[in-house]
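Q: Mind having a look at this structure? Questions to follow.
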Amino acid sequence: MPVRKYSHGFTLIEMIMALVVLGVISLGIGSYVQLGTQGYIDTRDREQVQSQARFAVERLTRELRHAVPNSLDISSDNKCIRFTPIEYAGFYINSSLDDVDKLVGIMSSSVDGRDADVKKHRLAINPVRPADLVSVTRSAEIKKTLGRQPWRIKLKNKTSFESESVSERFYIYSVDVQFCLNGEQLTRATRPTGSSNFSIPVILAKNLIYKDSNFTLEHAALNRNQLVHFQLVFSNNGEQSQYSHDVQVMNVP
C-alpha cells in the first residue's frame, strides 16, 4: 500500500499560535466590554446621586418656604433644622385680641371652613420664636370652625394674645418637621406640635459627606425675612458633588 507524502491537519506549533492569537483577541474584546460596562455603571451611579440630590434640595426648599415665621431652629452642631409648616393661613378681622374665644378671619387658603379639619390644631398670631407656637399668650388650640368665608374659628379656651400682627395674619398648624444629617443620610421626621418625641426618621438621600454638610440660619432683619442656608455634599466613587442653596422664608408675622 503506498504511503501518502502529505497528510491533512495542523501541527502543534500552528495550534499554539492560533490559541495565542485567539487569546489576544479575546483579551482585547473583554477589556473593551469591561470598559464600556464600567462606564455605564459609573454614569448610572452618578445620575442616581444627582437625582436624589435634586430631590433633596427641592424638598427642603419647598417645605422651608412654607414654614410658620420664626418657627425655625438649628441644632448646636448645625446638622438638624426644625420648623413648623403652615397648614392654613389668613387675615383676622377682630377689633381686639383680648380675652377672645373666637377669631373671625378671611382664609388665604382656597378651602371652605366646613372642609378644613383643624380640630386640635393650633393658631398663632405674631410668633417671634419657636416657643411661641405653644405659648398661651401667642397661640391657642382650636376647638372647631364655623361657617365659611369669613371663617369663625372657635378656640378651646379664651385667650388674650400678647401681641397683634402688623399685617393681621394668623397661622394654623399641627405638626413640627425635622430634617437631619445622620452619617451619610438626610432624614425627615415629624411630631405633633407640643410633643417631645419625633417619629422614626425617613431617609430622603444617601451618600452624603457628613462633615462637609450643614444647615445655617440667619434671623429676620428689617429688610428681609429669615434666611436658611444649607450645604449638601455628596460622594460617589471618589467624586464629590456640592449643592449650596439659600431659602428665604417668605411668610411674615
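The values are calculated or read from the model by the stated rules, or taken from the named source; none is laboratory data. On a predicted model such as this, the values are computed, not experimentally measured, just so you know. Reconstructed Cβ throughout: ideal geometry from the backbone, glycine too, with neighbour counts over all protein chains shown. Note: accessible area is taken over every heavy atom of the protein model, side chains too, but ligands, DNA and RNA are not part of it. Shrake-Rupley method; radii C 1.70, N 1.55, O 1.52, S 1.80 Å.
Q: For ASN225, which of the numbered conditions (1) surrounded by fewer than 15 Cβ atoms within 10 Å (Cβ to Cβ); (2) over 19 Å from the mean Cα position of the chain (by Cα); (3) among the polar types (S, T, N, Q) fails to hold?
A: (1)
Q: Ok, one more. Tell me which residues, restricted to region 197-216, are surrounded by 15 or more Cβ atoms within 10 Å (Cβ to Cβ) and among the small types (Gly, Ala, Ser).
A: Once the filter is applied, which keeps residues that are surrounded by 15 or more Cβ atoms within 10 Å (Cβ to Cβ) and among the small types (Gly, Ala, Ser), region 197-216 yields ALA205, SER213.
Q: Give the residues of region 169-198 that are over 18 Å from LYS79 (Cβ atoms) and small (Gly, Ala, Ser), sorted by residue number.
A: Selection gives SER174, GLY194, SER195, SER196.
Q: Select from region 144-175 the residues that are polar (S, T, N, Q) and assigned to a loop (DSSP other than H, G, I, E, B) and write down the one among them that is nearest to the chain's Cα centre (by Cα). Steps first, answer last, please.
A: Initial filter on region 144-175 (polar (S, T, N, Q)): 145, 149, 157, 159-160, 163, 165, 167, 174.
Now restrict to residues that are assigned to a loop (DSSP other than H, G, I, E, B): 149, 160, 163, 165, 167, 174.
Details: GLN149: 33, SER160: 35, SER163: 32, SER165: 29, SER167: 29, SER174: 18 Å.
Looking at residues that are polar (S, T, N, Q) and assigned to a loop (DSSP other than H, G, I, E, B), I get SER174.
Q: Of LEU27, LEU60, which residue is at negative phi, open to solvent by less than 80 Å² (accessible area, probe 1.4 Å) and either more than 17 Å from the chain's Cα centre (by Cα) or modelled with pLDDT of 85 or more (or both)? Write out each step before concluding.
A: Values: LEU27 fails: open to solvent by less than 80 Å² (accessible area, probe 1.4 Å).
Going through LEU27, LEU60 in turn, just one is at negative phi, open to solvent by less than 80 Å² (accessible area, probe 1.4 Å) and either more than 17 Å from the chain's Cα centre (by Cα) or modelled with pLDDT of 85 or more (or both): LEU60.
Q: Still on this structure, I have one more. Within region 97-118, can one find any residue that is assigned to a strand (DSSP E or B), over 20 Å from GLN226 (Cβ atoms) and in contact with a Ser or Thr (Cβ under 8 Å, 6 or more places away or on another chain)?
A: Going through region 97-118, the residues assigned to a strand (DSSP E or B) turn out to be 100-107.
Next, from what is left, pick out any that are over 20 Å from GLN226 (Cβ atoms): 100-107.
Retained after the next criterion (residues that are in contact with a Ser or Thr (Cβ under 8 Å, 6 or more places away or on another chain)): 100-101.
Taking every residue of region 97-118 in turn, at least one turns out to be assigned to a strand (DSSP E or B), over 20 Å from GLN226 (Cβ atoms) and in contact with a Ser or Thr (Cβ under 8 Å, 6 or more places away or on another chain).
Q: Turning to a different aspect of this structure: Suppose the filter is part of a loop (DSSP other than H, G, I, E, B) and open to solvent by 70 Å² or more (accessible area, probe 1.4 Å); does ASN251 pass it?
A: No: the conditions fail for ASN251.
Q: Based on what the data block shows, is VAL118 of a type in the set (Val, Ile, Thr) and surrounded by 16 or more Cβ atoms within 10 Å (Cβ to Cβ)?
A: Values: of a type in the set (Val, Ile, Thr): yes; surrounded by 16 or more Cβ atoms within 10 Å (Cβ to Cβ): yes.
For VAL118, the condition - of a type in the set (Val, Ile, Thr) and surrounded by 16 or more Cβ atoms within 10 Å (Cβ to Cβ) - is met.
Q: Among the residues of region 156-177, are any touching a Phe, Trp or Tyr at 6+ places or on another chain (Cβ under 7 Å), closer than 14 Å to LEU60 by Cβ and touching a residue at least 24 places away in the same chain (Cβ under 8 Å)?
A: The answer is yes; a qualifying residue exists.
Q: Name, by its number, the condition in (1) loosely packed, with under 15 Cβ neighbours inside 10 Å; (2) out of contact with any Ser or Thr (no Cβ under 8 Å at 6 or more places or on another chain); (3) outside any loop (DSSP other than H, G, I, E, B); (4) acidic (Asp, Glu) that does not hold for GLU141.
A: Condition not satisfied by GLU141: (1).
Q: Here are some residues: SER235, SER241. Which one is open to solvent by 40 Å² or more (accessible area, probe 1.4 Å), modelled with pLDDT under 90, in a strand (DSSP E or B) and over 23 Å from PRO85 (Cα atoms)? If you could, list the steps in order and put the result at the bottom.
A: On the way: SER241 fails: open to solvent by 40 Å² or more (accessible area, probe 1.4 Å).
That would be SER235, the only listed residue that is open to solvent by 40 Å² or more (accessible area, probe 1.4 Å), modelled with pLDDT under 90, in a strand (DSSP E or B) and over 23 Å from PRO85 (Cα atoms).
Q: Right, here's the next one. Taking only pairs six or more apart or across chains, which ones have beta-carbon atoms under 7 Å, a first residue in region 119-135 that is in contact (Cβ under 8 Å) with a residue 24 or more places away in the chain and assigned to a loop (DSSP other than H, G, I, E, B), and a second residue that is open to solvent by less than 60 Å² (accessible area, probe 1.4 Å) and acidic (Asp, Glu)?
A: These pairs meet every condition: LYS120/GLU141.
Q: Let me ask something else about it. Which residues, taken from region 178-192, are of a type outside the set (Ser, Thr, Tyr), open to solvent by less than 50 Å² (accessible area, probe 1.4 Å) and without any contact (Cβ under 8 Å) to a residue 24 or more places away in the chain?
A: ALA189
Q: Moving on. Being in contact with a helix residue (DSSP H, G or I) (Cβ under 8 Å, 6 or more places away or on another chain) and within 16 Å of ASN70 (Cα to Cα) is true for just one of VAL177, VAL233. Which residue is that?
A: Numbers: VAL233 fails: within 16 Å of ASN70 (Cα to Cα).
Exactly one of VAL177, VAL233 is in contact with a helix residue (DSSP H, G or I) (Cβ under 8 Å, 6 or more places away or on another chain) and within 16 Å of ASN70 (Cα to Cα), namely VAL177.
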